[in-house]
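Undergrad: I'd like to ask some things about the structure below.
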């Protein structure tokens, strides 16, 4: 029997520690279980994380392929790398910005760092994204606005300390089951409130469900803050000692804003009352994936600041989707240089260029657009070659048929472990290792770095992401990488570059992680593992003092002063040293409903859907049934266009201005009236979604667009890579 190997689950961003065993003969994983010794999860693990680690579905890529006479044909690594170098190199020679690179939160830190080094320092392109712009960029921008730095202040340790948990635009019962268990266990002695248009699995477990209208989150958040001010709920001592910008806030009339959000003022008052307790506010894609994403995330942070809910057991906690999305934010050189070095600062650019051994003039002048803007550049012809790593834009990006059409006209290199919709458009396919086969590290949503370890050898035709990036990078750019550098050495190079930054990882190494299993950044030396960010004061007040009312002397009016706030308790990397209130006022949604498209489409995650479902469905040829959930009244209103098939399933065509799909429709009173719910990770869904983006974060508006229901023309779903763009409506 093979030895047990500790590793980190790469399904979601909770970062659970696992124990895995490789098979005795051949390649693959035999058994997986939670690691009771891991400080992150203490043995807890979800069934999907275990099953997708041990035995994922999906069509494995086992040999390199190149396109010959229109068909993908298996070939050798030498031939595939030569073709990749030829296509990418010819475009790079014409203009560095003729090459685009798309990475992923599925990579290890080492691979993400190397890919960013190739994109920014080797090629010098501005057209590069690490995939987090599709999910976390709005939260990142809001954190920078408020705190001058990225990542949530709280940690998992704060969950059990909180009295109130407000989950806003997220469904952790489905997306982050282990974390949701911590939240619900803590709420047994407190309160759990879920803000979501849909009565989700998490909402069903809550004490209160606030059914905000789709797209009404910013109005509701501002209504709550306005009501906090009106009712005297502001923690004046904290605001005066640790923040700036409160007096400049322009707040709406609370009742009018609540009405726009579709929520009664009494419900707003309930939220105001709960914020008087120690409160954690969590949010997810329902907030981020919107043209109002940055403003709404900032408004949720404002609620924490105004009510003094910052410090152990409280605060704003964005829930990250992809397993290593946090790692790409620190390592990948997308929005900042590694370690959050400022992208625009001339001195910091010199530091990065010197570390990489490249001329500083080669580094791009700006961070470039997000994935939507990159596809626009491909469509317009300024980007001629595209290299994707562990990502599936043909299924995962909005207006997906347009994405497929654009990539069809570019030279496309796809690096992945599984056959995806994007593979079908590739000119070169590079088969990569996956979980259980890779060596490196990842960073979970609470800033904890942990090890990724292989428990299986690699099949002969497969290489790791890091090895492929290093090999291809050195062919494109002489001596960019040390070809013998192991993952531990690459991590050391990255960590050294972070020394002294807000995301200091210089005290972390593979050797330390092998011993301690998990270390939270910032960690500037081999003894440090950070806790709550920005807070340098004492532990929070006792449970007795929590029950006392607030006063101008501090969060409590206890005789001994409670936990009165002092300026020295806090250290924010902002010019003033204080946290900043936001000034976002939002903007209209890009596509309201009308007579032609009278229904609103919203999207969300299913329990078995992650990363466009590449590990939970057998093949892109058979993506499975797309299920549309609608309210019973909506179903009744559209009976004339719904038809049963031979299995008596009710079928309908869901159409937007960008595409149309066939779905099995089911009545579900958890969905609001006049709303169609579709799973975001089904490859057909994003044929419908709108490519509008948040003007500051570049994150797309994946959560709302206008649709209509029509009579189905067939009872099958055409694979995404075979669909044609429908006639466009004005």
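Each value in this text was obtained by applying a stated rule to the coordinates, not by laboratory testing. Since the structure is predicted, the reported quantities are computational estimates derived from the model, not experimental observations. Every residue, glycine among them, receives a Cβ derived from its backbone with ideal geometry; neighbour counts consider all protein chains shown.
Undergrad: Using the alpha-carbon centroid of each, what span in Å lies between the stretch 667-705 and the stretch 566-582?
TA: When both Cα centres are located, 36 Å separates them.
Undergrad: Regarding the stretch 340-435, what is the average projected area of its C-alpha convex hull, in nm²? Can you show the working numbers first?
TA: Values: hull surface 31.1 nm².
Averaging across all directions leaves 7.8 nm² for the Cα convex hull.
Undergrad: Can you sort 144, 282, 27 by how many other beta carbons sit within 10 Å, fewest first? Could the numbers behind the result be given before it?
TA: Details: 144 19, 282 27, 27 16.
By the 10 Å Cβ count, ascending: 27, 144, 282.
Undergrad: Where both residues lie in the chain, what percent of DSSP beta bridges are antiparallel, nearest 5? Intermediate values should be presented prior to the final figure.
TA: Details: 44 of 88 bridges.
Here the share of antiparallel DSSP bridges comes out near 50 percent.
Undergrad: Go through (i) 17, 46, 29, 8, 0; (ii) 18, 53, 28, 2, 0; (iii) 13, 33, 27, 16, 8, 2, 0 and flag the label whose value is the computed P(r) over Cα pairs in 20 Å bins from 0, in percent for this structure.
TA: Comparing each candidate, only (ii) matches the computed number.
Undergrad: Let me ask something else. Would you work out if the stretch 5-54 is rounded, prolate or oblate? Take a ≥ b ≥ c from the square roots of the eigenvalues of the alpha-carbon gyration tensor; rounded if a/c is under 1.5, else prolate when a/b is larger than b/c, oblate otherwise.
TA: On the way: a/c = 2.42, a/b = 1.66, b/c = 1.46.
It comes out prolate by the Cα gyration axes.
Undergrad: So what is the orientation-averaged projected area of the stretch 39-106, using the convex hull of its C-alpha atoms, in nm²?
TA: Details: hull surface 32.9 nm².
With every direction weighted equally, the projected area is 8.2 nm².
Undergrad: In percent, what relative contact order does the chain have, based on Cα pairs under 8 Å that are 6 or more apart in sequence?
TA: Numbers: 1779 pairs, mean separation 140.2, N = 730.
Across the chain, relative contact order equals 19 percent.
Undergrad: Could you tell me how many cubic angstrom of Cα convex hull volume the stretch 239-387 has per residue?
TA: 198 Å³
Undergrad: Expressed as a whole number of Å, what is the distance separating the alpha-carbon centroids of the stretch 159-175 and the stretch 455-526?
TA: 33 Å
Undergrad: By counting other Cβ atoms within 10 Å of each Cβ, how are 136, 65, 285 ranked from fewest to most?
TA: Final ranking by Cβ density, sparse to dense: 65, 285, 136.
Undergrad: Which percentage, to the nearest 5, of the DSSP beta bridges contained in the stretch 570-713 is antiparallel?
TA: Numbers: 17 of 26 bridges.
Here the antiparallel bridges make up roughly 65 percent for the stretch 570-713.
Undergrad: Now for a separate question. Sorted from fewest to most neighbouring beta carbons within 10 Å, what does the list 25, 281, 680 look like? Walk me through the numbers before you get to the answer.
TA: On the way: 25 7, 281 27, 680 23.
Taking fewest neighbouring Cβ atoms as first place, the list is 25, 680, 281.
Undergrad: Could you work out the equivalent-ellipsoid semi-axes for the stretch 599-722, taking the square root of 5 times each eigenvalue of the Cα gyration tensor, largest first, in whole Å? Intermediate results must be reported in sequence, preceding the final value.
TA: On the way: eigenvalues 97, 70, 36 Å².
Equivalent ellipsoid of the stretch 599-722: 22, 19, 13 Å, largest first.
Undergrad: So if I take the centroid of the Cα atoms in the stretch 318-361 and the same for the stretch 604-621, what is the distance between those two points in Å?
TA: Between the Cα centres of the stretch 318-361 and the stretch 604-621 lies a distance of 30 Å.
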